[in-house]
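Before any comments, here is the structure.
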Amino acid sequence: MRLMKTLLACALLAATGSAALAQTMKAADVHPAGYPTVVAVENMGKKLDAATQGRIKFQMLPGSVLGGEKEMIEQTQVGAIQILRTSLGPVGPVVPEVNVFNMPFVFRSIAHMRAVIDGPIGQELLDKLSASPARMVGLAWMDGGSRSLYTKKPVRKPDDLKGQKIRMMGNPLFVDTMNAMGGNGISMGFGEVFTALQTGVIDGAENNPPSLFTTNHFKTGAKFYTQTNHLIIPEILVMSKVAYDKLSAADQAAVKKAAREAQLEQRTLWDAAVADYSTKLKAEGVEFIEIDSKPFFDATAPVRAKYGAAYADLIKRIEAVR
Ligand code: BDP
């Protein structure tokens, strides 16, 4: 009887103990509700809620409500945001090791990028980010497709970009990339692009079809969509180290497992979104201009030489992935 009571007391203590540790994590994204990354992270939160008996829940905050990616990365570092889905682009200035994936034409194709992020190199880069002083834990990769140029005047070759101001994500590597491609790279937050296009502060930008459609950027007259495919940048899902360190080892493992599943789920959602939004963009009068991207590849060789020098061996391993 005494043993029963002790056991009961222990069970009760364990239950209240874990309840006290329950965390509702703010999960942030610049994209709106319904976007593949947002849906995949929401589903991950639901799975974790079930897997941890409610110890971990996500509160999804989509649509840049907590700021642009630069600001959200800072908030994640200090623990004000617990889960962040961001492009790897603006992570580069904080964790330079990840810039290897941010280089122009570093991946041959989306299939190549996927093989790399799913394999040992992908895990290595997540681990490098987690081990860096950035106070973030790399959980998973997501698909951001490939980025192509959209401008108000048609572009077919590097020379056509002369004098055109093109918005790039906040990372000097991308400004260098655009300058090498023939235009003038302007670094700017995602949320400022629409007005900048409208007022003529910039002449164009670059992104994948789902982002071009959901931002309405094409409605500003930037409706020539030149298929340069110059950047294939994975998205990354990170957790604030402050939040991660509060979890038990078992819950940390549950988070990593759910994140890996989200990586694969998002890919399916992504492929459907690219097909869907490409059709919608065309229906809205956006002209997809098919080109030979070789001149842009050649033009960006100095950028790969400059930024790639630090990762020469890693780049060889990336190239060797089939
Ligand atoms: C989109 C990415 C998003 C970036 C945005 C941008 O999914 O994370 O913030 O591009 O261009 O494709 O800033």
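Cα to Cα, under 30 Å, and not fewer than 8 places away if on the same chain: which lysines meet these conditions relative to K256?
In chain and number order, the partners are K26, K46, K47, K57, K70, K128, K241, K246, K316.
In degrees, nearest 10, range 0 to 90: what is the angle between the Cα axis of helix 69-78 and the longest Cα principal axis of the chain?
30 degrees
Quick one: dipole size for the stretch 246-317, taken about the Cα centre, charges +1 on Lys/Arg Cβ and -1 on Asp/Glu Cβ, in debye to the nearest 20. All intermediate terms of the calculation are to be shown ahead of the outcome.
Numbers: 12 positive and 11 negative charges, 107 e Å.
The calculation lands at about 520 debye.
Give the residue from G204, V65, Q82 lying farthest towards the positive end of the charge dipole for the chain; charges sit on Cβ (+1 for Lys and Arg, -1 for Asp and Glu) and the dipole is referred to the Cα centre.
Q82
From the square roots a ≥ b ≥ c of the eigenvalues of the alpha-carbon gyration tensor of the stretch 86-205, which class results: rounded (a/c under 1.5), prolate (a/b over b/c), or oblate?
Details: a/c = 2.43, a/b = 1.77, b/c = 1.38.
The shape class here is prolate.
Run a plain Debye calculation on the stretch 176-262 (Cα atoms as equal point scatterers, no solvent) and give log10 I(q)/I(0) at q = 0.13, 0.26 Å⁻¹, rounded to two decimals, same order as the q list.
Here log10 of I(q) over I(0) equals -0.63, -1.43.
Tell me what the chain gives for mean residue ellipticity at 222 nm when only DSSP H runs of n ≥ 4 count, each as -39,500 (n - 2.57), the sum divided by the residue total, rounded to 500 deg cm²/dmol. Show your work: numbers first, answer last.
Details: 13 runs with 151 residues, N = 322.
Mean residue ellipticity, 222 nm, calculated: -14500 deg cm²/dmol.
Going by amide H atoms built from the backbone, whose H comes under 5 Å of the H on M136, apart from near neighbours?
Long-range HN contacts for M136: K241.
In a Gaussian network model over the chain where Cα atoms closer than 10 Å are linked, find which of G34, G204, G122 has the largest mean-square fluctuation.
G34
Just need the relative contact order of the chain here, percent rounded to a whole number, with Cα pairs under 8 Å and 6+ apart.
On the way: 576 pairs, mean separation 76.5, N = 322.
RCO, the chain: 24 percent.
Going by how many other Cβ atoms sit within 10 Å of their own, how do W270, W141 line up, fewest first? Intermediate values should be presented prior to the final figure.
On the way: W270 22, W141 27.
With the sparsest Cβ surroundings first, the list reads W270, W141.
Considering the chain as a Gaussian network with a 10 Å cut-off on Cα pairs, which listed residue, V303, V201, V255, attains the greatest mean-square fluctuation?
For the chain, modelled as a Gaussian network with Cα springs under 10 Å, the answer is V201.
Per 10 Å bin, what percent of the C-alpha pairs of the stretch 31-144 does each bin hold, from zero upward?
Pairs per bin, as whole percents: 12, 41, 38, 8, 0.
Tell me whether the stretch 230-304 comes out rounded, prolate or oblate; compute the Cα gyration tensor, take square roots of the eigenvalues as a ≥ b ≥ c, and use a/c under 1.5 as the rounded threshold.
Working: a/c = 3.81, a/b = 1.78, b/c = 2.14.
Oblate shape, in that a/c is at least 1.5 and b/c is the bigger or equal ratio.
May I ask you to work out the translational diffusion coefficient for the chain at 37 °C, viscosity 0.692 mPa s, via Stokes-Einstein with Rh from the Kirkwood sum over Cα pairs, reported in whole µm²/s?
Roughly 159 µm²/s, to the nearest whole number.
How large is the dipole of the chain about the Cα centre if only Lys and Arg carry +1 and Asp and Glu carry -1, each at its Cβ, rounded to the nearest 20 debye? Working shown, then result.
Values: 37 positive and 31 negative charges, 108 e Å.
I would put it at about 520 debye.
Which value in nm describes the separation of the simple spin-label points at Q198 and A320, placed 7 Å from the Cα toward the beta carbon?
Computed distance between label sites Q198 and A320 equals 5.2 nm.
For the chain, take the longest principal axis of its alpha carbons; what is the angle in degrees between that and the long axis of helix 36-51, to the nearest 10 within 0 to 90?
The answer is roughly 10 degrees.
Read the figures in this text as sums done on the coordinates, not as results from a lab. Given the structure is predicted, the values throughout are model-derived calculations rather than measurements. Ideal geometry is used to build each Cβ from the backbone, glycine not excepted, and the neighbour counts take in all protein chains shown.
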